[in-house]
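Structure, as C-alpha coordinates:
The values are calculated or read from the model by the stated rules, or taken from the named source; none is laboratory data. Computed from a predicted model, the values in this text were never measured in an experiment. All Cβ positions, glycine included, derive from the backbone under ideal geometry; neighbour counts span all protein chains shown.
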Amino acid sequence: MSDQPAPDYRFDIAVSFAGEDRALVEDVVNRAKAGTDLEVFYDEDYKVESWGEDLVEYFQNIYTREARFAVIFVSEAYSRKMWTRHERRSILSRALNEHSAYALPVRLDGTDLPGLLDTVGYLDQRREGSQGIADAIKLKVGKAKASPEDDDADSEPSTWTTGVPTDETSTQALLATRPPGWEYMYYAGLLKQGFDKQEHRYLDMEMGYAPNVRTFMELQPAHEFLRTTTSRFLALADQFGAVLGQEAQTRAFGEMGEPGNPDRIKHLAGRLVAVYSAFFDVIEDIRGTAVPDELSEARDLAAKAGEKPVQDMRSFITNFAATLDDLPQRLETGEDIVLELEFVLTLEDGIMERWSTAMNAAIS
(Lines give C-alpha, C1' and ligand atoms only; values in the text may rest on other atoms or scores of the structure.)
Protein backbone atom coordinates (compact mmCIF):
# COMPACT_ATOMS: atom_id res chain seq x y z
CA MET A 1 0.00 0.00 0.00
CA SER A 2 1.30 3.45 -0.91
CA ASP A 3 1.83 5.95 1.92
CA GLN A 4 1.25 8.84 -0.52
CA PRO A 5 -2.12 10.57 0.02
CA ALA A 6 -4.44 11.06 -2.94
CA PRO A 7 -4.05 14.52 -4.49
CA ASP A 8 -6.31 17.18 -3.00
CA TYR A 9 -7.00 19.40 -5.98
CA ARG A 10 -8.12 22.97 -5.53
CA PHE A 11 -9.83 22.99 -8.94
CA ASP A 12 -11.66 20.27 -10.83
CA ILE A 13 -10.65 21.84 -14.13
CA ALA A 14 -8.54 24.74 -15.34
CA VAL A 15 -9.31 26.15 -18.77
CA SER A 16 -6.61 27.32 -21.17
CA PHE A 17 -7.62 29.37 -24.21
CA ALA A 18 -6.81 32.31 -26.45
CA GLY A 19 -8.46 35.66 -25.77
CA GLU A 20 -10.15 35.53 -29.18
CA ASP A 21 -12.13 32.50 -27.96
CA ARG A 22 -13.14 33.93 -24.57
CA ALA A 23 -16.88 34.26 -25.27
CA LEU A 24 -17.19 30.61 -26.30
CA VAL A 25 -15.06 29.36 -23.39
CA GLU A 26 -17.02 31.41 -20.87
CA ASP A 27 -20.25 29.90 -22.21
CA VAL A 28 -18.85 26.38 -21.75
CA VAL A 29 -17.62 27.20 -18.23
CA ASN A 30 -21.00 28.62 -17.20
CA ARG A 31 -22.82 25.58 -18.57
CA ALA A 32 -20.43 23.20 -16.80
CA LYS A 33 -20.84 24.98 -13.46
CA ALA A 34 -24.63 25.32 -13.68
CA GLY A 35 -26.33 23.21 -11.02
CA THR A 36 -23.06 21.62 -9.85
CA ASP A 37 -20.31 22.23 -7.28
CA LEU A 38 -17.67 22.07 -10.01
CA GLU A 39 -14.60 24.14 -9.14
CA VAL A 40 -13.28 25.81 -12.29
CA PHE A 41 -10.23 27.98 -12.72
CA TYR A 42 -11.29 30.66 -15.20
CA ASP A 43 -8.95 33.65 -15.17
CA GLU A 44 -11.71 36.30 -15.03
CA ASP A 45 -12.94 34.83 -11.73
CA TYR A 46 -9.46 35.14 -10.17
CA LYS A 47 -8.38 38.61 -11.31
CA VAL A 48 -8.05 39.88 -7.73
CA GLU A 49 -6.18 36.80 -6.50
CA SER A 50 -3.67 37.03 -9.36
CA TRP A 51 -3.27 40.81 -9.00
CA GLY A 52 0.40 41.63 -8.41
CA GLU A 53 1.55 38.01 -8.74
CA ASP A 54 4.26 36.75 -11.07
CA LEU A 55 1.74 35.43 -13.62
CA VAL A 56 4.09 32.91 -15.22
CA GLU A 57 4.66 31.27 -11.85
CA TYR A 58 1.03 31.73 -10.79
CA PHE A 59 -0.45 29.98 -13.83
CA GLN A 60 2.24 27.31 -13.86
CA ASN A 61 1.27 26.36 -10.32
CA ILE A 62 -2.40 26.17 -11.29
CA TYR A 63 -1.81 23.91 -14.29
CA THR A 64 0.90 21.67 -12.83
CA ARG A 65 -0.38 21.20 -9.27
CA GLU A 66 -3.80 22.60 -8.41
CA ALA A 67 -6.14 21.35 -11.16
CA ARG A 68 -7.41 17.82 -11.62
CA PHE A 69 -7.77 18.36 -15.40
CA ALA A 70 -6.73 21.05 -17.87
CA VAL A 71 -9.23 21.70 -20.65
CA ILE A 72 -7.40 23.19 -23.64
CA PHE A 73 -9.47 25.03 -26.23
CA VAL A 74 -7.33 24.56 -29.34
CA SER A 75 -7.63 27.07 -32.16
CA GLU A 76 -5.45 28.86 -34.67
CA ALA A 77 -5.17 31.80 -32.24
CA TYR A 78 -4.23 29.47 -29.38
CA SER A 79 -1.40 27.90 -31.38
CA ARG A 80 0.33 31.21 -32.15
CA LYS A 81 -0.03 33.23 -28.92
CA MET A 82 3.01 33.62 -26.67
CA TRP A 83 1.01 33.49 -23.43
CA THR A 84 -0.91 30.35 -24.35
CA ARG A 85 2.43 28.78 -25.25
CA HIS A 86 3.51 29.19 -21.58
CA GLU A 87 0.27 27.59 -20.38
CA ARG A 88 0.57 24.78 -22.91
CA ARG A 89 4.11 23.94 -21.78
CA SER A 90 2.98 23.67 -18.15
CA ILE A 91 0.04 21.47 -19.09
CA LEU A 92 1.99 19.15 -21.39
CA SER A 93 4.83 18.87 -18.91
CA ARG A 94 2.43 17.45 -16.34
CA ALA A 95 0.58 15.36 -18.93
CA LEU A 96 3.82 13.52 -19.76
CA ASN A 97 4.13 12.40 -16.14
CA GLU A 98 0.49 11.45 -15.55
CA HIS A 99 -0.65 7.83 -15.69
CA SER A 100 -4.16 8.89 -16.72
CA ALA A 101 -5.74 11.61 -18.84
CA TYR A 102 -4.95 15.13 -17.65
CA ALA A 103 -4.87 17.35 -20.76
CA LEU A 104 -8.34 17.41 -22.32
CA PRO A 105 -8.16 19.11 -25.73
CA VAL A 106 -11.23 20.66 -27.36
CA ARG A 107 -10.93 21.48 -31.03
CA LEU A 108 -12.45 24.83 -32.09
CA ASP A 109 -11.16 24.63 -35.67
CA GLY A 110 -8.81 22.40 -37.67
CA THR A 111 -5.68 23.32 -35.69
CA ASP A 112 -3.64 20.55 -34.00
CA LEU A 113 -1.93 21.14 -30.66
CA PRO A 114 1.89 20.98 -30.98
CA GLY A 115 3.42 18.68 -28.37
CA LEU A 116 0.31 16.59 -27.74
CA LEU A 117 0.51 12.93 -28.75
CA ASP A 118 -1.38 12.14 -31.95
CA THR A 119 -3.22 9.34 -30.15
CA VAL A 120 -4.81 11.62 -27.53
CA GLY A 121 -8.53 11.99 -28.16
CA TYR A 122 -10.07 15.39 -28.89
CA LEU A 123 -13.62 16.62 -28.55
CA ASP A 124 -14.79 18.90 -31.34
CA GLN A 125 -16.83 21.90 -30.25
CA ARG A 126 -18.14 22.33 -33.78
CA ARG A 127 -19.80 18.93 -33.53
CA GLU A 128 -20.60 18.69 -29.81
CA GLY A 129 -21.65 22.30 -29.16
CA SER A 130 -20.99 24.16 -25.91
CA GLN A 131 -23.49 22.07 -23.98
CA GLY A 132 -21.93 18.84 -25.22
CA ILE A 133 -18.47 19.96 -24.08
CA ALA A 134 -19.87 21.07 -20.71
CA ASP A 135 -21.61 17.71 -20.22
CA ALA A 136 -18.41 15.85 -21.12
CA ILE A 137 -16.46 17.90 -18.54
CA LYS A 138 -18.99 17.06 -15.83
CA LEU A 139 -18.90 13.37 -16.78
CA LYS A 140 -15.09 13.30 -16.76
CA VAL A 141 -14.80 15.03 -13.39
CA GLY A 142 -17.59 12.94 -11.90
CA LYS A 143 -15.90 9.68 -12.87
CA ALA A 144 -12.54 10.89 -11.52
CA LYS A 145 -14.06 11.86 -8.18
CA ALA A 146 -15.98 8.61 -7.92
CA SER A 147 -12.82 6.56 -8.56
CA PRO A 148 -9.82 8.54 -7.27
CA GLU A 149 -6.50 7.11 -8.40
CA ASP A 150 -4.28 5.75 -5.66
CA ASP A 151 -2.06 2.76 -5.03
CA ASP A 152 -4.18 1.12 -2.33
CA ALA A 153 -3.78 -2.61 -2.85
CA ASP A 154 -7.19 -3.24 -1.27
CA SER A 155 -9.08 -1.02 -3.70
CA GLU A 156 -10.99 -2.44 -6.63
CA PRO A 157 -9.46 -1.97 -10.09
CA SER A 158 -10.85 0.84 -12.21
CA THR A 159 -13.18 -0.58 -14.87
CA TRP A 160 -14.90 0.95 -17.87
CA THR A 161 -18.58 0.27 -17.26
CA THR A 162 -20.48 2.22 -19.90
CA GLY A 163 -20.27 -0.36 -22.70
CA VAL A 164 -19.59 0.22 -26.38
CA PRO A 165 -19.62 4.00 -27.06
CA THR A 166 -22.80 5.25 -28.70
CA ASP A 167 -21.89 8.87 -29.53
CA GLU A 168 -18.93 11.21 -29.96
CA THR A 169 -18.71 12.11 -26.28
CA SER A 170 -18.58 8.51 -25.02
CA THR A 171 -16.21 7.60 -27.87
CA GLN A 172 -13.72 10.26 -26.80
CA ALA A 173 -14.15 9.25 -23.16
CA LEU A 174 -13.26 5.66 -24.10
CA LEU A 175 -10.14 6.86 -25.94
CA ALA A 176 -9.11 8.91 -22.92
CA THR A 177 -9.68 5.99 -20.50
CA ARG A 178 -8.49 3.05 -22.66
CA PRO A 179 -9.64 0.09 -20.56
CA PRO A 180 -8.56 -3.45 -21.48
CA GLY A 181 -9.85 -4.27 -24.95
CA TRP A 182 -10.57 -0.62 -25.77
CA GLU A 183 -9.49 -1.15 -29.39
CA TYR A 184 -12.38 -3.51 -30.13
CA MET A 185 -14.92 -1.43 -28.23
CA TYR A 186 -13.78 1.66 -30.14
CA TYR A 187 -14.10 -0.22 -33.42
CA ALA A 188 -17.53 -1.64 -32.55
CA GLY A 189 -18.75 1.77 -31.41
CA LEU A 190 -17.66 3.48 -34.61
CA LEU A 191 -19.29 0.75 -36.70
CA LYS A 192 -22.55 0.81 -34.76
CA GLN A 193 -22.75 4.61 -34.93
CA GLY A 194 -21.99 4.55 -38.66
CA PHE A 195 -24.53 1.83 -39.38
CA ASP A 196 -27.19 3.56 -37.26
CA LYS A 197 -26.84 6.67 -39.43
CA GLN A 198 -27.87 4.50 -42.41
CA GLU A 199 -30.95 3.09 -40.67
CA HIS A 200 -33.39 5.23 -42.67
CA ARG A 201 -31.97 3.70 -45.84
CA TYR A 202 -32.39 0.22 -44.38
CA LEU A 203 -36.06 0.95 -43.67
CA ASP A 204 -36.46 2.28 -47.23
CA MET A 205 -34.94 -0.94 -48.53
CA GLU A 206 -37.30 -3.09 -46.47
CA MET A 207 -40.38 -1.48 -47.99
CA GLY A 208 -38.97 -1.35 -51.51
CA TYR A 209 -38.79 2.43 -51.62
CA ALA A 210 -36.39 4.33 -53.89
CA PRO A 211 -35.73 7.95 -52.87
CA ASN A 212 -34.97 8.99 -56.47
CA VAL A 213 -36.40 7.76 -59.78
CA ARG A 214 -34.17 7.95 -62.84
CA THR A 215 -35.22 8.85 -66.35
CA PHE A 216 -36.92 6.01 -68.21
CA MET A 217 -34.52 3.65 -70.00
CA GLU A 218 -35.34 1.81 -73.20
CA LEU A 219 -35.18 -1.97 -73.31
CA GLN A 220 -31.65 -2.50 -74.60
CA PRO A 221 -29.80 0.04 -72.40
CA ALA A 222 -31.92 -1.01 -69.41
CA HIS A 223 -31.00 -4.65 -70.02
CA GLU A 224 -27.30 -3.73 -70.19
CA PHE A 225 -27.61 -1.64 -67.02
CA LEU A 226 -29.19 -4.51 -65.08
CA ARG A 227 -26.65 -6.98 -66.46
CA THR A 228 -23.85 -5.02 -64.76
CA THR A 229 -25.51 -5.01 -61.33
CA THR A 230 -24.16 -8.41 -60.32
CA SER A 231 -20.60 -7.24 -60.93
CA ARG A 232 -21.25 -4.14 -58.80
CA PHE A 233 -22.39 -6.29 -55.89
CA LEU A 234 -19.45 -8.66 -56.33
CA ALA A 235 -17.02 -5.73 -56.34
CA LEU A 236 -18.51 -4.47 -53.06
CA ALA A 237 -18.23 -7.96 -51.54
CA ASP A 238 -14.53 -7.96 -52.47
CA GLN A 239 -14.05 -4.59 -50.75
CA PHE A 240 -15.82 -5.91 -47.67
CA GLY A 241 -13.43 -8.87 -47.60
CA ALA A 242 -10.41 -6.57 -47.91
CA VAL A 243 -11.57 -4.45 -44.98
CA LEU A 244 -12.02 -7.52 -42.78
CA GLY A 245 -8.80 -9.14 -44.02
CA GLN A 246 -6.17 -10.23 -41.53
CA GLU A 247 -3.53 -7.82 -42.80
CA ALA A 248 -5.77 -4.77 -42.42
CA GLN A 249 -6.88 -5.88 -38.96
CA THR A 250 -3.31 -6.44 -37.77
CA ARG A 251 -2.28 -2.96 -38.88
CA ALA A 252 -5.16 -1.46 -36.92
CA PHE A 253 -5.31 -3.64 -33.80
CA GLY A 254 -1.64 -4.58 -33.57
CA GLU A 255 0.03 -7.93 -33.09
CA MET A 256 -0.81 -10.00 -30.03
CA GLY A 257 0.16 -8.01 -26.93
CA GLU A 258 0.61 -4.72 -28.81
CA PRO A 259 -1.69 -1.71 -28.43
CA GLY A 260 -3.91 -0.75 -31.35
CA ASN A 261 -3.63 2.36 -33.48
CA PRO A 262 -6.76 4.53 -33.02
CA ASP A 263 -6.32 6.34 -36.34
CA ARG A 264 -6.09 3.06 -38.27
CA ILE A 265 -9.02 1.59 -36.34
CA LYS A 266 -11.11 4.65 -37.21
CA HIS A 267 -10.06 4.37 -40.86
CA LEU A 268 -10.92 0.66 -40.92
CA ALA A 269 -14.36 1.28 -39.41
CA GLY A 270 -14.98 4.09 -41.87
CA ARG A 271 -14.23 1.88 -44.83
CA LEU A 272 -16.59 -0.84 -43.59
CA VAL A 273 -19.38 1.71 -43.11
CA ALA A 274 -18.63 3.00 -46.63
CA VAL A 275 -19.12 -0.50 -48.09
CA TYR A 276 -22.42 -0.83 -46.22
CA SER A 277 -23.54 2.55 -47.57
CA ALA A 278 -22.45 1.61 -51.10
CA PHE A 279 -24.78 -1.41 -51.07
CA PHE A 280 -27.66 0.99 -50.46
CA ASP A 281 -26.39 3.18 -53.32
CA VAL A 282 -26.59 0.28 -55.76
CA ILE A 283 -29.96 -0.99 -54.48
CA GLU A 284 -31.48 2.51 -54.67
CA ASP A 285 -29.97 3.07 -58.12
CA ILE A 286 -31.53 -0.14 -59.44
CA ARG A 287 -34.88 0.30 -57.73
CA GLY A 288 -35.12 3.91 -58.88
CA THR A 289 -34.60 3.04 -62.55
CA ALA A 290 -37.72 3.17 -64.72
CA VAL A 291 -37.62 0.27 -67.19
CA PRO A 292 -39.99 -1.34 -69.74
CA ASP A 293 -42.55 -3.75 -68.32
CA GLU A 294 -40.60 -6.70 -69.74
CA LEU A 295 -37.70 -5.89 -67.37
CA SER A 296 -39.60 -4.86 -64.24
CA GLU A 297 -39.26 -8.32 -62.64
CA ALA A 298 -35.55 -8.49 -63.46
CA ARG A 299 -35.04 -5.00 -61.99
CA ASP A 300 -36.83 -5.94 -58.76
CA LEU A 301 -34.83 -9.15 -58.43
CA ALA A 302 -31.55 -7.31 -59.11
CA ALA A 303 -32.31 -4.86 -56.30
CA LYS A 304 -33.40 -7.65 -53.98
CA ALA A 305 -30.10 -9.46 -54.56
CA GLY A 306 -28.38 -6.80 -52.48
CA GLU A 307 -30.78 -7.07 -49.54
CA LYS A 308 -29.43 -10.19 -47.85
CA PRO A 309 -25.80 -8.93 -47.71
CA VAL A 310 -27.08 -5.70 -46.16
CA GLN A 311 -29.19 -7.61 -43.62
CA ASP A 312 -26.23 -9.86 -42.78
CA MET A 313 -23.88 -6.89 -42.29
CA ARG A 314 -26.38 -5.11 -40.06
CA SER A 315 -26.91 -8.20 -37.89
CA PHE A 316 -23.18 -8.84 -37.70
CA ILE A 317 -22.42 -5.32 -36.42
CA THR A 318 -25.35 -5.32 -33.96
CA ASN A 319 -24.25 -8.65 -32.49
CA PHE A 320 -20.58 -7.66 -32.47
CA ALA A 321 -21.32 -4.49 -30.48
CA ALA A 322 -23.56 -6.36 -28.03
CA THR A 323 -20.85 -8.97 -27.45
CA LEU A 324 -18.31 -6.29 -26.48
CA ASP A 325 -20.44 -4.26 -24.06
CA ASP A 326 -18.87 -5.90 -21.00
CA LEU A 327 -15.47 -6.74 -22.51
CA PRO A 328 -13.28 -4.84 -19.96
CA GLN A 329 -15.01 -6.47 -17.00
CA ARG A 330 -14.61 -9.93 -18.53
CA LEU A 331 -10.93 -9.31 -19.27
CA GLU A 332 -10.25 -8.07 -15.74
CA THR A 333 -11.70 -11.28 -14.29
CA GLY A 334 -9.13 -13.24 -16.32
CA GLU A 335 -11.57 -14.67 -18.85
CA ASP A 336 -9.82 -15.90 -21.98
CA ILE A 337 -11.57 -14.16 -24.87
CA VAL A 338 -10.97 -14.77 -28.56
CA LEU A 339 -12.45 -12.24 -31.01
CA GLU A 340 -12.79 -13.26 -34.63
CA LEU A 341 -13.84 -10.69 -37.21
CA GLU A 342 -14.52 -13.13 -40.01
CA PHE A 343 -17.66 -12.77 -42.07
CA VAL A 344 -18.84 -14.00 -45.46
CA LEU A 345 -21.46 -12.22 -47.54
CA THR A 346 -24.03 -14.47 -49.21
CA LEU A 347 -27.01 -14.00 -51.52
CA GLU A 348 -30.55 -15.26 -51.09
CA ASP A 349 -30.79 -18.84 -52.33
CA GLY A 350 -31.81 -19.07 -55.98
CA ILE A 351 -32.20 -15.33 -56.54
CA MET A 352 -29.53 -15.09 -59.24
CA GLU A 353 -31.10 -17.96 -61.17
CA ARG A 354 -34.50 -16.22 -61.02
CA TRP A 355 -32.89 -12.94 -62.11
CA SER A 356 -31.12 -14.63 -65.03
CA THR A 357 -34.36 -16.25 -66.17
CA ALA A 358 -36.22 -12.91 -66.04
CA MET A 359 -33.42 -11.20 -67.96
CA ASN A 360 -33.47 -13.82 -70.74
CA ALA A 361 -37.26 -13.73 -70.99
CA ALA A 362 -37.22 -9.95 -71.49
CA ILE A 363 -35.22 -10.14 -74.73
CA SER A 364 -36.34 -13.53 -76.07
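Restricting attention to the stretch 276-328, report how many residues are of a type in the set (Val, Ile, Thr) and under 14 Å from Glu199 (Cα atoms).
Qualifying residue count for the region: 3.
Does any residue of the stretch 115-128 turn out to be modelled with pLDDT of 85 or more, part of a loop (DSSP other than H, G, I, E, B) and over 19 Å from Ala176 (Cα atoms)?
no
Can you report the number of residues in the stretch 177-204 which are under 13 Å from the mean Cα position of the chain (by Cα) and closer than 14 Å to Gly121 by Cβ?
6
Here's a check for you: in the stretch 294-319, which residue that is of a type in the set (D, E, K, R) and touching a helix residue (DSSP H, G or I) at 6+ places or on another chain (Cβ under 9 Å) is surrounded by the most Cβ atoms within 10 Å (Cβ to Cβ)?
Residue satisfying both the conditions and the ranking: Arg299.
Taking the condition of a type in the set (Val, Ile, Thr), in contact with a Phe, Trp or Tyr (Cβ under 9 Å, 6 or more places away or on another chain), in the same structural domain as Val15 (by TED's automatic domain parsing) and at pLDDT below 85, does Thr84 pass?
In short, yes.
Residues that are modelled with pLDDT under 90, at least 1 per element: which helices (runs of 4 or more DSSP H) completely within the stretch 267-364 meet that?
307-324, 327-332, 351-363
Evaluate the following for Asp150: is it at pLDDT below 85, assigned to a loop (DSSP other than H, G, I, E, B), of a type in the set (D, E, K, R) and exposed (fewer than 12 other Cβ atoms within 10 Å of the Cβ)?
no
So, in the stretch 169-183, how many residues would count as being more than 21 Å from Tyr102 (Cβ to Cβ) and either among the charged types (D, E, K, R) or in a helix (DSSP H, G or I) (or both)?
Number of matching residues: 1.
Would you check if there is a residue in the stretch 162-169 being at pLDDT 85 or above and in contact with a Ser or Thr (Cβ under 6 Å, 6 or more places away or on another chain)?
There is at least one residue in the stretch 162-169 that is at pLDDT 85 or above and in contact with a Ser or Thr (Cβ under 6 Å, 6 or more places away or on another chain).
What pairs can you find where one residue is in the stretch 24-53 and polar (S, T, N, Q), the other is surrounded by 11 or more Cβ atoms within 10 Å (Cβ to Cβ), and their Cβ atoms are less than 6 Å apart, with a gap of 6+ or different chains?
Ser50/Tyr58
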